[in-house]
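Report on one structure; see the data block that follows.
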Amino acid sequence: MSRPMVQGPAGVASASHGEASASARLDAWLSDRKQAGALFLDVDGTLLDIAESPTAVCVPRALCAALASLHRRLDGALALVSGRPLDDLDRLFAPLRLPACGVHGAQWRVHADKPLQHEAAALAAPVRERLQALARAQAGILSEDKGSSFALHYRTAPASGPALAAALHALLGEPENAGLRLLPGKMVFEVIAHGSDKAQAIRRFLEVAPFAGRRPLFIGDDLTDGPALALMPGLGGLALSVGRLLPGASAVFADPAEVRAALIRAAGG
């Protein structure tokens, strides 16, 4: 069951009492007639269960139907906010196409039938080559070149995480790589340019129709979602996290299955 969370001893999250669950908060937000809402959803770890590789995830048909219904209900003000490239999102959710940002804000489009409206430059070839070499040097590391960022997944080789982190910090500490930063996630490290994050992407959405003037809600699960979750209270919005309490979130879904169930129920499924 989803629940609001408070911090107990040693920072351990625990359930509080007498407050609305994450599902109830989502329902109340969608039912608010005083101010229209804009819904922003992370994908991996929030809508979808995390798999051993990015290509191994499963998108339930009922989820696609629910997202399409909520997109209509919100007059188009629903967007996917993901670390995946937009082409990948379109492939996963096909035939559904939604407003979306990809690669942690480096790519975005406000309308599903429009081309990219912003895209950061690709990482320099020498950096990408060295990141590929890091992946080849350690067994079990999966590389993912997204153009504007480069991810190294170590889910199948968890013991390699500390050495991989040290090598990446050393690489990014070189003067010629000063414009890059390391973005840690769940069993993944991603190298991306400064200035691209999900909070910036949501701010861009909220400047234009159909998102402008609406109260935002963001649901995310990971450190990469931190800036967007932390942004919500200052905008008068609502942040909900998945699996654990993250700063800015007012309640927590237990797992992606519970997020999907709440969205499907809210859509009338």
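Just a few scattered comments:
- Leading residue by the ranking (modelled with the lowest pLDDT) among those in the range 219-242 that are among the small types (Gly, Ala, Ser) and touching a helix residue (DSSP H, G or I) at 6+ places or on another chain (Cβ under 9 Å): 226
- Wholly within the range 150-238, strands (runs of 3 or more DSSP E) carrying at least 2 residues that are within 22 Å of residue 71 (Cβ to Cβ): 215-220
- Among the residues of the range 104-133, those identified as part of a helix (DSSP H, G or I) and either modelled with pLDDT of 90 or more or in contact with a His (Cβ under 7 Å, 6 or more places away or on another chain) (or both) are 125, 126, 127, 128, 129, 130, 131, 132, 133.
- The set of residues in the range 127-146 being basic (Lys, Arg) and in contact with a strand residue (DSSP E or B) (Cβ under 9 Å, 6 or more places away or on another chain) consists of 128, 136, 146.
- Screening 203, 244 for residues that are basic (Lys, Arg) and within 27 Å of residue 59 (Cβ to Cβ) leaves exactly one candidate, 244.
- The lone exception for residue 139 - which of (1) of a type outside the set (Asp, Glu); (2) in a loop (DSSP other than H, G, I, E, B); (3) at pLDDT 90 or above it fails: (3)
- Subset of the range 94-114 that is crowded, with 24+ Cβ neighbours inside 10 Å and among the small types (Gly, Ala, Ser) - its residue that is farthest from residue 69 (Cα to Cα): 106
- On inspection, residue 245 does not qualify as closer than 24 Å to residue 20 by Cα, out of contact with any Phe, Trp or Tyr (no Cβ under 8 Å at 6 or more places or on another chain) and at pLDDT 95 or above.
- Residues satisfying the stated conditions in the range 60-75, i.e. assigned to a loop (DSSP other than H, G, I, E, B) and buried (at least 17 other Cβ atoms within 10 Å of the Cβ): 74
- Residue list for the range 124-145, restricted to those being among the hydrophobic types (A, V, I, L, M, F, W, C) and either more than 14 Å from residue 161 (Cβ to Cβ) or surrounded by 11 or more Cβ atoms within 10 Å (Cβ to Cβ) (or both): 124, 125, 127, 131, 133, 134, 135, 137, 141, 142
- Output for the range 28-50, where each listed residue is within 15 Å of the chain's Cα centre (by Cα) and in a loop (DSSP other than H, G, I, E, B): 42, 43, 45, 46, 47, 49, 50
The values are calculated or read from the model by the stated rules, or taken from the named source; none is laboratory data. Values in this document were obtained by computation on a predicted structure and should not be read as measured data. No Cβ is skipped: glycine too gets one built from the backbone with ideal geometry, and neighbour counts run over all protein chains shown.
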